[in-house]
Amino acid sequence: MSKRKVILFTSLITLIIPTFAFITNFNDNNISHAFYVRARPESSGQVLIDPSLKVEPVFSDGLKGPTTSMAFLGPNDILVLEKNTGKVQRILNGILQEKPLLQANVSTEVELGMLGIAISKNQAGKPFVFLYYSEANSSGTVLGNRLYRYELVDGRLVNPLLLLNLPATSPIVGHENNHNGGKVVIGPDKNVYVIVGDVGGRIGNVQNIIRGNSPDGTSGILRVTQDGKSVENGPFGSSVPNTLYYAYGIRNSFGFDFDPVTGNLWDTENGGIDKDEINYVFPGFNSGWRKTMGMAVSRFDPQEDLFNFAGKAKYSDPEFVWKQTVAPTALKFLNSTKLGSQYANTIFVGDVKTGNLYNFKLDTDRKVLLLKPPLNDKVADTPDEIQSAVFGQGFGVITDIQVGPDGYLYILGINGNIYRIVPV
């Protein structure tokens, strides 16, 4: 993409951010946000429910937390993001390299910072590294949440190409600049997907306020090509910003992934003071925020209560809900049989509050989770009810889950610890 096209593209995004207008038609609970109790890693180690598996430490000293995301360049070659330093660190054969691959200027307020990473190979077989971060100027003023593509050359990330320039600050006076989302995933279609929250409690169309502000690149799963161009045949039409959106109505999320069997997309979504979710995200999905969270109540009518983006959106209830918040984070499919065939192509999810690692299996159609009683109503009403889905405990705050080139499951903690799950 030429420099002129990047400027035009980002200018279009900027033009669709209208002046904030106060809207009174929402529930007070919709603007509250949970103050999570952060779980700490157990000093005695992590416990897995399956005795045929164990947890191995991969890395535990040298990163400056909070660490937010990781990606594999190759076997025993991991890139890890430090939220507040703006560094992309490299861990090679278990050793933190002396110099980071990149140190960007980032704002660090609340959830702003260096947030998401994904890696793909270009036509020449060279790695493209995609980064989503809250870029700041030299004085620390945030400029925007930005998605860049970098090339890896001689141990440095160079030649940045701006793909998306999105809002990073709240239009509401006194509101925190939170809910920036940040995970980045390369889809089966080779396009780049990024998940974004409502960025400071926005009140607009994509937050399902019908008379609210126009879509502005928040509260959604957005996608572009690896060159930053529009993706053709999107669910909401071919004009900006419609072409950016794959789904919307998302309060905030720290995890999403594609099913390796079907190519279907799933995400986690954080509720306010309750009702965290796992969703099956089809093209054109409306997750319902700000009008509903968790299972919709009987008086809820999607046709009347929700904004219908381009007349092509569709609402669906979550596939799973934690009634009492745990703040779910990363979501990852294990596309490997290395932990046993019973875990192949199942979903693993982390959280903030309990330090649990969860495992969910899917039905034959792979659009519904297989849940044992009392979870067969898709709701964990109490912490005790979720125990059948707990795979491991004692991890502290899990910020990312990835499958390594070796086929094993890797867990990143907020303090920079990396674990690997392997057979005994």
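Since every read-out is calculated from the coordinates, none of them should be taken as a lab result. These numbers come from a predicted model, not from an experiment. All Cβ positions, even for glycine, are placed from backbone atoms using ideal geometry, and neighbour counts span all protein chains on display.
The conditions of being β-branched (Val, Ile, Thr), buried (at least 23 other Cβ atoms within 10 Å of the Cβ) and touching a residue at least 12 places away in the same chain (Cβ under 8 Å) are met by residue 352. For segment 97-115, the tally of residues that are buried (at least 17 other Cβ atoms within 10 Å of the Cβ) and farther than 20 Å from residue 176 by Cα stands at 4. If you go through segment 100-124 and pick out every residue that is in a loop (DSSP other than H, G, I, E, B) and on the phi < 0 side of the Ramachandran plot, you end up with 12. Total residues in segment 253-272 satisfying the condition of being in a strand (DSSP E or B) and hydroxyl-bearing (Ser, Thr, Tyr): the figure is 1. Number of residues in segment 113-158 that are β-branched (Val, Ile, Thr), under 22 Å from the mean Cα position of the chain (by Cα) and under 16 Å from residue 101 (Cβ atoms): the value is 3. Inclusion of residue 303 among residues that are under 23 Å from residue 258 (Cβ atoms) and assigned to a helix (DSSP H, G or I) is not warranted. For first residues located in segment 401-421 and under 12 Å from residue 336 (Cβ atoms), partners that are part of a loop (DSSP other than H, G, I, E, B) and of a type in the set (A, V, I, L, M) and lie 6+ apart or on another chain with Cβ distances below 8 Å form the pairs 403/334; 408/339; 409/334; 409/339; 421/339.
Screening 199, 261, 206 for residues that are surrounded by 24 or more Cβ atoms within 10 Å (Cβ to Cβ) and either within 21 Å of residue 330 (Cα to Cα) or touching an Asp or Glu at 6+ places or on another chain (Cβ under 7 Å) (or both) leaves exactly one candidate, 199.
Within segment 64-80, is there a residue that is among the small types (Gly, Ala, Ser), closer than 29 Å to residue 130 by Cα, surrounded by 18 or more Cβ atoms within 10 Å (Cβ to Cβ) and out of contact with any Asp or Glu (no Cβ under 8 Å at 6 or more places or on another chain)? Looking through segment 64-80, at least one residue is among the small types (Gly, Ala, Ser), closer than 29 Å to residue 130 by Cα, surrounded by 18 or more Cβ atoms within 10 Å (Cβ to Cβ) and out of contact with any Asp or Glu (no Cβ under 8 Å at 6 or more places or on another chain). Within segment 131-152, residues that are aromatic (Phe, Trp, Tyr) reach partners that are part of a loop (DSSP other than H, G, I, E, B) and surrounded by fewer than 23 Cβ atoms within 10 Å (Cβ to Cβ) with beta carbons closer than 8 Å, at six or more positions or on different chains, in the pairs 133/86; 133/104.
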